[in-house]
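To keep things clear, I will list the structure first and then write my remarks on it.
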Amino acid sequence: MLNTKVSTQDSLKIFNNILFLSLLMVGSHAHAETADDFFNRPQIKYAQPQNLLGWIDSRKQISLNGEWNYIVDPLKNGLPGESFFSDFASNKKPQSAFELIEYDFANAPKIRVPGDWNSQYENLFFYQGGLWYHKEFEHELTNNERTHLYIEGSNFATKVFLNGKPIGEFLAGYTAFDFDISEAVKEGLNTLIVFVDAALDKNTVPTYKTDWWLYGGIIGDVSIVSLPEAFVRNAKVQLNKLNANLIDVYIEGNINLANQAVVVKVPELGIDRQFQFNEFGLMSAQIPFTGNYWDLDNPKLYEVIIETKFESIKDQIGFRTIEIVDNEIMLNKKPIIFKGISSHAEPIAEKGIAFSSNHFNKILAEVSELGGNFLRAAHYPYSRHLAKEADRLGILLWEEIPVYWNINWNNEQTYAIANQQLTRMVSRDWNRASVVVWSVGNETPYSENRMKFLSRLIDETRELDNSRLLSAALLGGSAQDFQNLIVAIAALGMQSDIPTPREKIILEQVLNNFETSTNDQPRLIINLDDPIGHKLDIVALNEYFGWYYSVFLAPQMNISERTFRLLMLELLPEIKLQNSFNKPIHLSEFGAGAKYGFTGEGIWSEKYQAMVYTAQIEMIKNNQGTVKGYSPWILKDFRSMMRPLSGIQDFYNRKGLMDEGGNKKDAYYILQSFYYSKEQT
């Protein structure tokens, strides 16, 4: 009689053998793989993109913008090597009704590209995981051409597959990248699959905790770009920093352009000059400039053409100078005040992330209506369309990377991501006359490792482009500053009717605990001494005297927040700002929250926000010798997961001068009146 009893150990051996055979049959890692290997399989080594492909709008391309299919994948189960049953990148379809495949792009729902997924579907509102995009496109192969896939921006980690083949990955969100897909693309119908992972952690840039909405998805234009075998990857054309009568031209070609001729033309200026690439496909030269400056009231742009025997690319470029002279910001050799406002990349009266020329045109139109000449584009690179529109309209820009709050200063991968965001932002917009400030971060607390991290970024920026000003939005308020603030509030309170009798006793005790001065010096001097200021051109300060400081200082003084706030508003105009570096100060942020239409007393009211702006403007007037620019926080209310207060915030940061629908609050008109005043002309 046949013995059919099998031990547990034998059963496991049988399972291992069956699993091994099944893996061989499907061709998955056919080298001596065991069950242990299956549950811990090696990851694919993805290719990384090359330097930015610039001048993209003059390239031969086919747009892939529009509707794509998508599948949500929070466990990343569809990635090759992650699951035995699903490999979404292969786009495999069942050959019979008995074949198990647990995904189907053809019948998956649609999503708009470009655009974030959070604002397109209610069930993805808070989603910060993985999502698969699927798009089919027709392609015609052409001899002697290379085919590239260009993605303007994707948040945050992106993996690309074409016709089942892994193409590459990119980890730096917000910024543009491209891959050469010539070996994978085919004649006729092609299948493009993109996996985007919006999950962030302590090692990413930004980190998982920010005071803005971390929109996930493909947030920029997508196109198939056709290039000759020998092509220009990017080119920088701008006025020489030391001699404004010369245009510096730097062209990066691929190696196939080694020793080839290149022609630079500016037809309106009669420029038609031939040069030669070196043996590495690079070219650097100078040509004379005899034209008109790009300026605020005359944003003059010239057509610049770069030609080789293989291709011709062109762009509209303005020429201007920006520098610091004797503590003044000089645009085209004339002093200028940055009359600005801060912004996020969210359109006015629309949901989601801003990505189009139309979106940014409306934002910049609001800056002009406000009377401003400057926009701080915080806290990450926007689409290229912002700077192109600002060039056209004559508005100055501050552009920034999301080195924000306390990222991991010790992690080399973290630095690599930040560096990618920086270099791609700079090399994309270095021909935009409107961009006058590069910023390497926002509100980063001091540490030695942070100093090294930011210093490397600053040095990298100057190496790439030394024609613009460098800054970072710094935190204000050292321990000594806050001590001095407490003393100043106490001294003012003793002369005011605002404190209660009990609070007067407390304020008197505060004054008795500190040495106080009775001379005519300002009640409070704030000195900016963050040592990173040594490496910056402009020392920028984020300060919230009228908003946050009251929250933690009032309890320390044992007085009400109401008393502290009202005294703070009286004190604000008398505050003097200075820095240890003898450099211009830019107030990169100040403001207060208000719900549009709320007419009550206290915080969240339009009245209180207006009081803060009135006091801040008086402080600015009294600091004209040192403060050379300002970009209050912020143009419009914006989405933030940190802001859940029901009925007031509802997941919006309410510091906007207008609400998300474009309705203007009282403070808008106060700032507008200041910007149009004689003091600002």
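Brief remarks follow.
- Members of segment 636-681 that are modelled with pLDDT under 95 and of a type in the set (D, E, K, R): Lys678, Glu679
- Matching residues in segment 224-253 - criterion: being outside any strand (DSSP E or B) and either surrounded by 20 or more Cβ atoms within 10 Å (Cβ to Cβ) or touching a helix residue (DSSP H, G or I) at 6+ places or on another chain (Cβ under 8 Å) (or both): Glu229, Ala230, Phe231
- Among the residues listed as Ser427, Ser467, the single one being of a type outside the set (A, V, I, L, M, F, W, C), crowded, with 17+ Cβ neighbours inside 10 Å and in a loop (DSSP other than H, G, I, E, B): Ser467
- Answer from Thr614, Thr599, Thr563 - the residue that is at pLDDT below 95 and in contact with a helix residue (DSSP H, G or I) (Cβ under 8 Å, 6 or more places away or on another chain): Thr599
- Qualifying residue in segment 639-649 (condition: over 30 Å from Met330 (Cβ atoms), aliphatic (A, V, I, L, M), outside the structural domain of Phe125 (by TED's automatic domain parsing) and free of Cβ contacts under 8 Å to residues at least 60 places away in the same chain): yes
- Residues (aromatic (Phe, Trp, Tyr) and either within 16 Å of Tyr70 (Cα to Cα) or in contact (Cβ under 8 Å) with a residue 12 or more places away in the chain (or both)) located in segment 80-130: Phe84, Phe85, Phe88, Tyr103, Phe105, Trp117, Tyr121, Phe125, Phe126, Tyr127
- Against the criterion of being within 16 Å of Trp398 (Cβ to Cβ) and among the aromatic types (Phe, Trp, Tyr), Phe310 does not qualify.
- Any hit, segment 419-436, residues being assigned by TED's automatic domain parsing to the domain that holds Met330, over 21 Å from Trp55 (Cβ atoms) and touching a helix residue (DSSP H, G or I) at 6+ places or on another chain (Cβ under 7 Å): yes
- Test for Leu541: is it under 30 Å from Ile247 (Cβ atoms) and touching a residue at least 24 places away in the same chain (Cβ under 8 Å): no
- No other residue among Phe179, Phe156, Phe161, Phe137 is farther than 27 Å from Asn419 by Cα and at pLDDT 95 or above apart from Phe137.
- Selection status of Phe545, crowded, with 21+ Cβ neighbours inside 10 Å, at pLDDT 95 or above, under 25 Å from Lys607 (Cβ atoms) and aromatic (Phe, Trp, Tyr): no
Conditions tested, residue by residue: (1) farther than 25 Å from Gly629 by Cα; (2) not β-branched (Val, Ile, Thr).
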position	(1), (2)
Phe275	yes, yes
Glu279	yes, yes
Asp297	no, yes
Leu301	yes, yes
Met330	no, yes
Pro335	no, yes
Ile341	no, no
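- Qualifying residue in segment 132-148 (condition: aliphatic (A, V, I, L, M) and either buried (at least 16 other Cβ atoms within 10 Å of the Cβ) or farther than 23 Å from Pro166 by Cα (or both)): no
- Members of segment 371-395 that are farther than 16 Å from Ala433 by Cβ and buried (at least 24 other Cβ atoms within 10 Å of the Cβ): Gly372, Arg376, Ala378, His379, Tyr380, Pro381, Tyr382, Ser383
- Filtered by the rule that a residue be buried (at least 24 other Cβ atoms within 10 Å of the Cβ) and outside any helix (DSSP H, G or I), segment 355-370 gives a lone residue, Phe355.
- Residues within segment 271-308 that are part of a loop (DSSP other than H, G, I, E, B) and within 18 Å of Thr321 (Cα to Cα), tallied: 13
- Cβ-Cβ under 9 Å pairs, at least 6 apart or on other chains, segment 243-255 side closer than 16 Å to Thr321 by Cα, far side surrounded by fewer than 16 Cβ atoms within 10 Å (Cβ to Cβ) and basic (Lys, Arg): Ala244/Lys333; Asp248/Lys241; Val249/Arg273
The values are calculated or read from the model by the stated rules, or taken from the named source; none is laboratory data. All values reported here derive from a predicted model rather than from experimental measurement. Using ideal geometry, Cβ is built from the backbone for each residue, glycine included, and neighbour counts are taken over all protein chains shown.
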